[in-house]
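Down below is the structure, laid out as structure tokens.
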Amino acid sequence: MNPKVLVQRKDRICRLTINRPEVKNAVDNETMIRLREEIETSEADGTRVIVITGTGDTFSSGVDIKAVLDTNVSPGEAFRILMEIYMPTFQALRSSPLPVIAAIDGIAVGIGLNLALACDLRLASDRAQFAEIFVRVGLIPDGGGTYTLPHLIGAGRAMELAMTGETIDAARALEIGLINRKYPADEFQKSVEKFAGFLSQQAPLALARTKKAIWAALEGSFEEALVREAEFQREIFLSEDGFEGFRAFMEKRPPQWKGR
């Protein structure tokens, strides 16, 4: 069985690749645990920069909804998973002293997008696409998205993306500040390597303190946002609409919202 996260450590750069091409790199519990473990390991093994990406031409299509439904996860269990599995991974991204780059080639949607937003920098190919698709299944953004999105692009644009579930391309993402840089798809991997290599040559303590200072300067708490999101998701999971959203998605039909 192929590993769900591929790990490559070379030239003080740790490259973590979500390796689930059969589901467009949708993440499950094991994937999130492996990412956290490798992020934490990298803090002590001489790594200077972490790059998170996806296999093939997809960054991540979000959470593996089929796996959620197949395991018949209850609302209470979904809340526990967010708090005990997903939340620690996002906190590891934020608390790591290392710069973390999201290398986005292809789609980054749902929690896949919010995984990228929790990284310190986002590099994208010109074929990348982004969407906060939670509203399409009757949920709110989680994975810290309600915190990172407005901080990056402003409350108005964050509301628009989160409330419409609209898909935007790399050009628009660069224009509004969702990503830092955009590269041609055929030059993307080399461009990411060059950027990561440049960062790996900078002063480690300065990078670590810069990262900590900039995040600390933002108002509010990332951890509080994660907890709030999990609580709101639990409320939705307990509702009729919460169940309908998942079922409609799997059955490829428009959801019938009842508001309860």
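Within region 222-260, being modelled with pLDDT under 80 and β-branched (Val, Ile, Thr) holds for one residue alone: Ile236.
If the condition is being over 30 Å from Ala208 (Cβ atoms), modelled with pLDDT of 85 or more, among the acidic types (Asp, Glu) and out of contact with any helix residue (DSSP H, G or I) (no Cβ under 7 Å at 6 or more places or on another chain), then region 49-92 contributes only Asp57. Just wondering, is there one or more residues in region 224-239 that are free of Cβ contacts under 8 Å to residues at least 24 places away in the same chain, more than 19 Å from Gly143 (Cβ to Cβ) and part of a helix (DSSP H, G or I)? No, because not a single residue in region 224-239 is free of Cβ contacts under 8 Å to residues at least 24 places away in the same chain, more than 19 Å from Gly143 (Cβ to Cβ) and part of a helix (DSSP H, G or I).
Looking at region 39-62, which of the residues that are in contact with a Pro (Cβ under 6 Å, 6 or more places away or on another chain) and farther than 30 Å from Ala203 by Cβ is surrounded by the fewest Cβ atoms within 10 Å (Cβ to Cβ)? Looking at the filtered set, the residue picked out is Gly56.
Kindly check whether there is at least one residue in region 194-212 that is under 30 Å from Met159 (Cβ atoms) and part of a loop (DSSP other than H, G, I, E, B). So far as region 194-212 goes, no, none of its residues is under 30 Å from Met159 (Cβ atoms) and part of a loop (DSSP other than H, G, I, E, B). Is there a residue being at pLDDT below 95 and either acidic (Asp, Glu) or buried (at least 18 other Cβ atoms within 10 Å of the Cβ) (or both) anywhere in region 128-135? Checked against the condition, which is being at pLDDT below 95 and either acidic (Asp, Glu) or buried (at least 18 other Cβ atoms within 10 Å of the Cβ) (or both), region 128-135 yields at least one hit. With respect to the conditions (1) out of contact with any strand residue (DSSP E or B) (no Cβ under 9 Å at 6 or more places or on another chain); (2) basic (Lys, Arg); (3) crowded, with 16+ Cβ neighbours inside 10 Å; (4) farther than 27 Å from Leu205 by Cβ, Arg36 lacks only one, and its number is (4).
The values are calculated or read from the model by the stated rules, or taken from the named source; none is laboratory data. Owing to the predicted nature of the structure, the values given are computational and were not obtained by experimental measurement. Virtual Cβ from ideal backbone geometry, glycine too; neighbours counted across all protein chains shown.
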